[in-house]
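The values are calculated or read from the model by the stated rules, or taken from the named source; none is laboratory data. None of the values given here were measured: they were computed from a predicted structure. Here the Cβ positions follow ideal geometry from the backbone for every residue, glycine too, while neighbour counts run over all protein chains shown.
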Amino acid sequence: MARYLIGGLLAAVVATGCVSTRAPVLAGPEETARVGDALARAWAKLGDAGKRGDVEGIVDSYTEDALLMEPGHDDIRGRDGLRAVFGEGLKTWAISEFEVSPRELTVIGDRAFQLVDYREAGHPKDQPPGPAAPVRAFVEWRREAAGTWRIHRLLNNNPKMDSSPASR
């Protein structure tokens, strides 16, 4: 099973443009733990920005050419696309809870592949918060030249995205 996961991840790295003159190296446990800590801080920053309604803070958590895929909606591409969607949605919608629980992490060079569970509660601003929706996501992170980890690809199964007015 691990052989298929690593093989699939290596194929994803090549397919997403991580081309180098040397093969990417699978990080060992210590580097993976360091990256996991950095990603936990990045998730916290994203969650805090969302709860504040800070569109630029949310957008800053993504790469310039990011891709966000959510059920029932067109792909959201790049920071401009994210800015438009979150900017419009957060005019009338609030995020009251955002908690991430990492499940798996694989680090290959300047890419990290993470499976997470998270709980997100959003609601119209004129209504009290409702229960948080459990969400699962696959996230590809990219470490930029300055060492900052940003979300490059995020695919989730957020059940509330199908009907949330903030989602589009």
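Key figures for this structure:
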| read-out | value |
| --- | --- |
| Scan of the stretch 119-145 for residues that are out of contact with any helix residue (DSSP H, G or I) (no Cβ under 7 Å at 6 or more places or on another chain) and hydrophobic (A, V, I, L, M, F, W, C), ordered by number | A121, A132, V135, A137, F138, V139, A145 |
| Top-ranked residue in the stretch 52-79 [being in contact with a strand residue (DSSP E or B) (Cβ under 7 Å, 6 or more places away or on another chain) and under 17 Å from N157 (Cα atoms); ranked as surrounded by the fewest Cβ atoms within 10 Å (Cβ to Cβ)] | D75 |
| Of the criteria (1) under 22 Å from A132 (Cβ atoms); (2) over 15 Å from the mean Cα position of the chain (by Cα); (3) without any contact (Cβ under 8 Å) to a residue 24 or more places away in the chain, which one A94 fails | (3) |
| Identity of the residue in the stretch 127-162, modelled with pLDDT of 95 or more and among the acidic types (D, E), that ends up nearest to L68 (Cα to Cα) | E140 |
| Failed condition for R83, given (1) closer than 18 Å to K45 by Cα; (2) among the basic types (K, R); (3) assigned to a strand (DSSP E or B) | (3) |
| Selected residue (only one of D65, D48, D37 is part of a strand (DSSP E or B) and under 20 Å from Q114 (Cβ atoms)) | D65 |
| Extreme residue, farthest from the chain's Cα centre (by Cα), among residues of the stretch 18-49 that are polar (S, T, N, Q) and modelled with pLDDT under 95 | T21 |
